[in-house]
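Have a look at the structure below before the remarks.
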Amino acid sequence: MPKKPTTKRASKSSRRKTQQQTHWAKHWLTRIIVVFITAAAVSHYWPQLRSLTDVSNYSSARAINGTAELQIALARAGFSPGSIDGASGAQTQAALLAYQTSHGLPRSGAFDADTAQLLQIQEPVFTTRRLGTADFAAVGRKPQSWRARGELDRMRYNSLLEMVAEQAQCDPDYIASLNPGINWHQLDTGNNVRIPHVPPFRVQQAAAYIQITLAKRTLRVFSADHRLLFHCPVSIARRVDKRPSGELRVKVRVDQPNYTFNPAILTGTAQREGITQKFIIQPGPNNPVGTVWIGLNLPSYGIHGTPEPEKVGRTESSGCFRLANWNAQTLLDAVHVNMPIYVEP
């Protein structure tokens, strides 16, 4: 018995298979395109999304009221206004501009409606700090000369007010204004002081390079894809010929450094005090380079802390880049050896 023809059946089956394959190819192609578009959108709007997520995590987040709260919110977000003092000025404006740049907002440098909608503050804004035995042990007498500094076992805080202010990232005068009834020379263990609640900031993403702008006296940290991760004010060299420019590199990272007094470098001080030999000044917050030394590939140059954080960006250095100790600690945590530093005019 002859077999029935199968050509048409095979042809129809083949067409159905081809149509199914084409359908699935289009289906997966569409899904891939959607994934790429979504990834691109998330990448582009990530700063805004991150901030919205941060706000939603805190049910107590609310609108910012006043300059002090604005400075506290900026400092918490990694855009340091310098020492918090409750007064609006150039450093607060620079921090606002950095925040706006990082979050894709209009770059007004003012606390405008767009910025206020995104940048909010979480309670508690202020907190109470109870002084303990360790706090009093962290304070010591203020040395009156460079030679006297070299005789101390540690460069401690010079007063309780200085210690409380620095650890709260504040100007001492602002801390005093928050505690009008306190005699800072008669405090004892167990006494309470009121301070802003500003935890130390740490950069969460991988940092790729540092940018220092001399004219603006700002230091910024960026990721490999040029996202602004951290901003703070910086002091630069008093003499123009002492200000480095171009590309530098991180050579060494030191937490709690000591300091070598070299009469060949600090010639004026050495002559006034009759110092002829090098000596070591021990670590501490009042060490001449503060609590951090980030050495650069340019001999004798570094990025470091300072004993007077409220003066950063307002006074000038002998040559190095000077930060408030708390910002220097943030930077130390973010940088790595051989990281590039681009110094711009």
Checklist line | Lone qualifier among 140, 109, 89 - being over 21 Å from residue 327 (Cβ atoms) and not basic (Lys, Arg) | finding: 140
Check: Scanning for something in contact with a Cys (Cβ under 9 Å, 6 or more places away or on another chain), crowded, with 19+ Cβ neighbours inside 10 Å, free of Cβ contacts under 8 Å to residues at least 60 places away in the same chain and closer than 21 Å to residue 201 by Cα, does segment 296-303 turn up at least one residue?
Finding: no
Notebook entry, point to check: Out of all the residues in segment 127-137, is one or more in contact (Cβ under 8 Å) with a residue 12 or more places away in the chain, of a type outside the set (A, V, I, L, M), closer than 20 Å to residue 83 by Cβ and outside any strand (DSSP E or B)?
Noted result: yes
Checklist line | Only one of 234, 198 that is touching a Gly at 6+ places or on another chain (Cβ under 7 Å), closer than 26 Å to residue 74 by Cα and among the aliphatic types (A, V, I, L, M) | finding: 234
Note to self: Conditions first: (1) touching a helix residue (DSSP H, G or I) at 6+ places or on another chain (Cβ under 9 Å); (2) crowded, with 16+ Cβ neighbours inside 10 Å. Residue 308 passes all but one, so which condition is the exception?
What the structure shows: (1)
Checklist line | residue 181, sole failed condition from (1) under 30 Å from residue 275 (Cα atoms); (2) more than 23 Å from the chain's Cα centre (by Cα) | finding: (1)
Note to self: Test of understanding: among 221, 252, 234, which residue is touching a helix residue (DSSP H, G or I) at 6+ places or on another chain (Cβ under 6 Å), modelled with pLDDT of 95 or more, in the same structural domain as residue 322 (by TED's automatic domain parsing) and of a type in the set (A, V, I, L, M, F, W, C)?
What the structure shows: 221
Notebook entry, point to check: Which residue out of 325, 338 is on the phi > 0 side of the Ramachandran plot, polar (S, T, N, Q) and within 21 Å of the chain's Cα centre (by Cα)?
Noted result: 338
Checklist line | Selected residue [within 19 Å of residue 237 (Cα to Cα) and modelled with pLDDT of 95 or more] from 319, 295, 313, 284 | finding: 295
Note to self: Which condition from (1) at pLDDT 95 or above; (2) not in a helix (DSSP H, G or I); (3) not polar (S, T, N, Q) is the one that residue 109 breaks?
What the structure shows: (1)
Next item on the list: Name the one entry in 74, 97, 118, 70 that is in contact (Cβ under 8 Å) with a residue 24 or more places away in the chain, over 18 Å from residue 198 (Cβ atoms) and surrounded by 13 or more Cβ atoms within 10 Å (Cβ to Cβ).
Entry: 118
Next item on the list: Filter segment 151-169 for residues that are part of a loop (DSSP other than H, G, I, E, B) and without any contact (Cβ under 8 Å) to a residue 60 or more places away in the chain and give the result.
Entry: 151, 159
Next item on the list: Give the residues of segment 288-345 that are β-branched (Val, Ile, Thr), under 26 Å from residue 76 (Cβ atoms) and in contact with a Leu (Cβ under 8 Å, 6 or more places away or on another chain), sorted by residue number.
Entry: 292, 294, 303, 306, 312, 341
Next item on the list: Output the strands (runs of 3 or more DSSP E) that fall wholly within segment 170-223 and possess 2 or more residues being touching a residue at least 40 places away in the same chain (Cβ under 8 Å) and surrounded by fewer than 20 Cβ atoms within 10 Å (Cβ to Cβ), or say none.
Entry: 192-196, 209-213
Item checked: One residue from 95, 110, 90, 137 being outside the structural domain of residue 234 (by TED's automatic domain parsing), farther than 27 Å from residue 314 by Cα and among the small types (Gly, Ala, Ser) -> 137
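The values are calculated or read from the model by the stated rules, or taken from the named source; none is laboratory data. Here the structure is a predicted model, which is why all the values come from computation and not from measurement. FYI the Cβ positions are ideal-geometry reconstructions off the backbone, even for glycines, and counts take in every protein chain you see.
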